[in-house]
1. Run the dipole for the range 98-252 about the Cα centre, Lys and Arg Cβ at +1, Asp and Glu Cβ at -1, nothing else charged, and hand back the magnitude in debye, nearest 20.
2. Can you sort Tyr121, Tyr236 by how many other beta carbons sit within 10 Å, fewest first?
3. Give, as a single signed number, the net charge of other residues whose beta carbon lies under 9 Å from the beta carbon of Pro10, with Lys and Arg counted +1 and Asp and Glu -1.
4. Please provide three numbers in whole Å: the alpha-carbon extents of the chain along the principal axes, with the largest listed first.
5. When only Cα pairs under 8 Å and 6 or more residues apart are kept, what is the percent relative contact order across the chain?
6. Cross-chain or 8 or more residues apart, Cα under 21 Å: how many lysine pairs in the chain fit that? Count them up, please.
7. May I ask what percent, to the nearest 5, of DSSP beta bridges between residues of the chain are antiparallel?
8. Based on alpha-carbon positions alone, could you give the equivalent ellipsoid semi-axes of the range 180-305 from the gyration tensor, as √(5λ), descending, whole Å?
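We did not get these values from a lab; they are worked out from the coordinates using the rules stated. None of these values were measured; they are calculated from a predicted model. All Cβ positions, glycine included, derive from the backbone under ideal geometry; neighbour counts span all protein chains shown.
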Amino acid sequence: MSFQNPVFIPGPTNMPEAIRKACDMPTIDHRSPLFGGILHPCLDGVRKVLKSDAAHVFIFPATGTGGWETALTNTLSPGDRVLAARNGMFSHRWIDMCQRHKLDVDVVETPWGHGVPADRYEEILTADTGHGIKAVLATHNETATGVKSDIAAVRRALDAAGHPALLLVDGVSSIGSMDFRFDDWGVDVAVTGSQKGFMLPAGLAIAGFSDKAMEATATAALPRTFFDVKDMQKGYDSDAFPYTPPVGLMNGLRLSLDMLLDEGLENVFARHHRIAEGVRRAVGAWGLELCAASPELYSDSVSAIRTPEGFNATDIVTLAARDYGMAFGVGLGEVAGKVFRIGHLGMLTDAMMLSGLGVAEMAMVDLGLDITLGSGVAAAQEHYRHGNTARKAAA
Ligand SMILES: *Cc1c(COP(=O)(O)O)cnc(C)c1O
């Protein structure tokens with residue numbers, strides 16, 4: 001008997017059995033053409049998921065955090081000015097990494113629950129007539145607050161200001177789950193990791209670089225060795241890495257990309273939207289509110305749910321784990337204790353989500369919150385009953 005429930009943390013996410021098996025493989029010679037047969041489909045598949053024709057894709061043995069470092073160290077020099085908004089724990093950590101790398105960060109403090117303020121970015125970029133700002137950072141999906149930002153609007157802000165800064169985007173909890181358009185949005189570096197939308201264990205940092213970002217590597221003076229994209233490119237040219245590649249994980253990534261592309265990206269995004277909307281209907285039925293301030297900000301990969309004043313939201317996560325063996329996400333940083341998070345990305349079905357909502361409901365009732373058992377589940381059921389048109393059409 002296995003008591004393994006699905007997890008509802010916003011990464012690492014649930015793994016399809018086939019992907020787990022693909023990661024488990026015998027040792028191969030990573031300097032043989034065999035490895036090229038894993039590497040190149042990974043690079044091509046990631047490019048497709050990014051909706052890009054020309055992005056230079058790099059895969060490092062690391063996590064999303066290593067992807068941030070890849071973006072910064074390959075394109076910037078110590079003392080460079082960068083523009084960034086702090087609207088949650090992940091944007092905060094990326095800013096902290098910039099500061100530790102001796103970058104000069106113009107931080108736009110943004111209320112947690114709000115998105116990247118493209119209008120403020122435009123004002124700051126317009127005022128920067130000397131083009132001192134070298135890069136603009138944006139967290140596409142702030143996993144701490146369940147807020148999706150408008151990256152197209154950030155691109156428009158750069159263009160309206162006629163500003164040449166690079167656009168570096170954290171897509172760790174959006175890429176592969178929510179629409180991401182590297183080419184259309186003029187993204188220069190996109191960063192993600194293996195353990196969220198790609199349904200793999202942690203262990204890969206994945207980055208896409210534009211031609212402009214590749215040109216910036218020529219003058220970027222921040223120290224880099226492990227994360228040097230030029231070294232990595234040289235490795236790829238001979239079907240290898242500059243060091244030992246994580247072959248099993250990359251074999252899993254190859255399958256994950258096939259699964260996402262076979263389902264169809266638009267279907268993947270529609271599934272995430274439908275499942276997320278069911279969660280939002282449940283939250284409404286519970287009489288609770290999301291941390292995200294308005295509907296256009298609602299994330300389809302994670303919901304941060306506010307609990308009543310004076311109640312410790314972390315208790316829900318602790319009790320659900322202890323009494324029901326189910327994992328939800330705690331609030332981080334400024335919203336610690338004020339929100340709990342339901343991750344709804346990766347390998348997930350309507351039915352799995354109903355189990356998560358059912359357990360969240362039991363935990364809240366156990367803790368004395370004024371919630372009726374079944375109310376959120378019923379609201380989500382109504383949504384899922386009518387929403388799953390693709391499956392019904394196929395049946
Ligand atoms: C998870 C996450 C990260 C950090 O990724 P790690 O793989 O934990 O290093 C960065 N940004 C966002 C938005 C994330 O959700």
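1. 400 debye
2. Fewest-to-most ranking of Tyr121, Tyr236: Tyr236, Tyr121.
3. Taking every other residue near Pro10 into account, the sum is +2.
4. Its Cα atoms span 60, 54, 39 Å along the three principal axes.
5. RCO, the chain: 23 percent.
6. The result is 13.
7. 55 percent
8. 35, 19, 14
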